[in-house]
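Read the structure below first, then the notes.
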Amino acid sequence: MIRKGPRTVVVTGASAGVGRASARLFGARGDAVALLARGEKGLEAAAEEVRVAGGRALPVPVDVADARQVEEAARRVEDELGPIDVWVNVAFSTVFAPVSQITPAEFRRITEVTYLGYVYGTKAALERMLPRDRGTVVQAGSALAYRAIPLQAGYCAAKHAVKGFTESLRCELLHDGSGVRVTMVQLPALNTPQFDWVLSRLPRRPQPVPPIYQPEIAARAIVFAADHPGRKEFWVGSMTAATLLANRLAPALIDRYLARTGYRSQQTQEPQRADRPANLWEPVDGGDGRDFGAHGRFDARAHSRSPQAWLSRHRRLAAVTVATGLAGAAWLSRHA
Ligand SMILES: NC(=O)c1ccc[n+]([C@@H]2O[C@H](COP(=O)([O-])OP(=O)(O)OC[C@H]3O[C@@H](n4cnc5c(N)ncnc54)[C@H](OP(=O)(O)O)[C@@H]3O)[C@@H](O)[C@H]2O)c1
């Protein structure tokens, strides 16, 4: 646990979804939060939420696919808020479609936002943290960083790449005996706006594969990871844990399972709307005056708690409880 008083935290993708919920939670602890994303309406609304929660807020419009913009944003954050203690990479975009229906330019753009955006963010953070020998980078990951699924090839590949990049960097930091830390949080399906604004060529409206969790579950895990960066990674949600373990045991079987279920489970029964926006190249908030917020349209189906995520945050307590339970059961079986 390394938190000592309010910190300066950068969150990319802070105008909506997981990034916005995380920015709010950092704000509630009194941190100074720099919010990076493109959509100015979402950024302003998110910044106001951070202030209302009790933090300081600095909205910075930036496209994370542009290394120069990210570096300039980092410089501005340090000028206006002070030395960066925590950098959280969350911003992403994708295309929901089979590989045959995604153009080369779209694959490039997904990679530039979802993979290189993390690389540029991490490098801007390291530029400042390494000379000070302190600071933490948190990568918002996914179960799909380990186990790819159909209809999201560009995204899954980018998340795998982030995992590889992060493992290399962690080895380098250990080699150098650095005080800078990097950790990754593998998230489950979440109720965020992405399912209504990423580019989709699916015939029906996209949905997160159930069970669905509220983005605040992800935010809690991210804030916890920022406080406990010594851990290599965090798994959030029982489905994340089940998927990663099952994939280790029988990956070919999971291929077949996903081939059978993956198209259906990623779409609702409702047909796609003709006027659906797409945020791959430009932000889509603001144009019609709409702020998408942290939550998507699945509030009625989303869980606000995850016992697995709680256990992951309280591993020692869980281990002591299990050990005590086992010892109690053993004592009872001998004395009953
Ligand atoms: N939702 C899930 O089911 C789920 C599951 C597992 C992991 N995750 C992970 O959680 C993270 C956030 O996902 P989410 O569902 O919260 O997504 P979201 O609701 O679509 O929000 C994405 C955020 O990224 C920003 N963004 C997109 N393109 C950008 C660009 N080029 N430059 C700067 N910012 C950009 C968006 O703002 P602007 O458009 O305003 O720029 C927005 O703030 C991602 O890393 C994702 O892999 C999500």
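Relative to the Cα centre, what is the charge dipole magnitude of region 122-230, using +1 at the beta carbon of each Lys and Arg, -1 at the beta carbon of each Asp and Glu, and rounding to the nearest 20 debye? Please list the in-between numbers first.
On the way: 13 positive and 8 negative charges, 64 e Å.
For this selection, approximately 300 debye.
Which value at 222 nm does the chain reach when only helices count, each DSSP H run of 4 or more adding -39,500 (n - 2.57), with the total divided by all residues and rounded to the nearest 500 deg cm²/dmol? Working shown, then result.
Numbers: 12 runs with 160 residues, N = 336.
Counting only the DSSP helices, I get -15000 deg cm²/dmol.
Specify which residue in the list ASN247, VAL223, ILE102 is farthest towards the positive end of the charge dipole of the chain, using unit charges on the beta carbon of Lys, Arg (+1) and Asp, Glu (-1), about the Cα centre.
Projecting each Cα onto the dipole axis, the largest value belongs to ASN247.
Based on other C-beta atoms within 10 Å, arrange TYR146, TYR263, TYR115 from fewest to most.
Numbers: TYR146 19, TYR263 16, TYR115 22.
Going from sparsest to densest Cβ surroundings: TYR263, TYR146, TYR115.
What is the Cα centroid distance between region 252-293 and region 87-118, reported in whole angstrom?
Between the Cα centre of region 252-293 and that of region 87-118, the gap is 14 Å.
Fewest first, what order do ASP176, ASP285, ASP291 take by the number of other Cβ atoms within 10 Å? Write out the running numbers ahead of the final one.
Details: ASP176 11, ASP285 25, ASP291 17.
Arranged by neighbour count, lowest to highest, ASP176, ASP285, ASP291 become ASP176, ASP291, ASP285.
With the calculation restricted to Cα positions, what are the radius of gyration and Dmax of region 8-326 in angstrom?
Rg, Dmax (Cα atoms, Å): 18.8, 59.
What whole number of Å gives the distance from the Cα centroid of region 58-78 to the Cα centroid of region 181-230?
23 Å
In the chain, what % of DSSP beta bridges are antiparallel (nearest 5)? Walk me through the numbers on the way to the answer.
Values: 2 of 35 bridges.
Beta bridges within the chain, antiparallel portion: roughly 5 percent.
We did not get these values from a lab; they are worked out from the coordinates using the rules stated. Source: prediction; values computed, not measured. Quick reminder, even Gly has a Cβ in these numbers, built from the backbone with ideal geometry, and neighbours come from all protein chains shown.
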